[in-house]
Amino acid sequence: MTPSADPSSAVWRKASKSTATGNECVELAAMTDVIAVRDSKRLAGRDVTMTRPAFTRLVNEIRRGQYDL
């Protein structure tokens, strides 16, 4: 992960699988060199930024069921 990007001016997108009430949602912002991720319930909380290759690995690991989500 890298803290070098400033996601404060990023355009955030909600996950397409978000619930109708929005209670279980992850938001993403694609910036030049990194992807930022945040919990939509905690917009003032800390964002996580990671390189694009690290984000791709994370998504692939989630799809393979490597995490208890």
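The values are calculated or read from the model by the stated rules, or taken from the named source; none is laboratory data. What you are looking at is a predicted structure, and each value in this text was computed from that prediction instead of being measured. Quick reminder, even Gly has a Cβ in these numbers, built from the backbone with ideal geometry, and neighbours come from all protein chains shown. Quick note on the areas: whole protein, heavy atoms, side chains included, nothing else; ligands and nucleic acids left out. Shrake-Rupley method; radii C 1.70, N 1.55, O 1.52, S 1.80 Å.
Taken over the stretch 42-69, the criterion of being within 13 Å of the chain's Cα centre (by Cα) and either assigned to a loop (DSSP other than H, G, I, E, B) or β-branched (Val, Ile, Thr) (or both) is satisfied by Arg42, Leu43, Gly45, Arg46, Asp47, Val48, Thr49, Thr51, Thr56, Val59, Ile62. On the given criteria, is Asn60 modelled with pLDDT under 90, of a type outside the set (Gly, Ala, Ser) and open to solvent by 40 Å² or more (accessible area, probe 1.4 Å)? Taking the combined requirement at face value, the residue does not satisfy it.
The set of residues in the stretch 23-56 that are in contact (Cβ under 8 Å) with a residue 24 or more places away in the chain, open to solvent by less than 50 Å² (accessible area, probe 1.4 Å) and either hydroxyl-bearing (Ser, Thr, Tyr) or in contact with a Pro (Cβ under 8 Å, 6 or more places away or on another chain) (or both) comprises Met31, Ala36, Arg38, Ser40, Asp47, Thr49.
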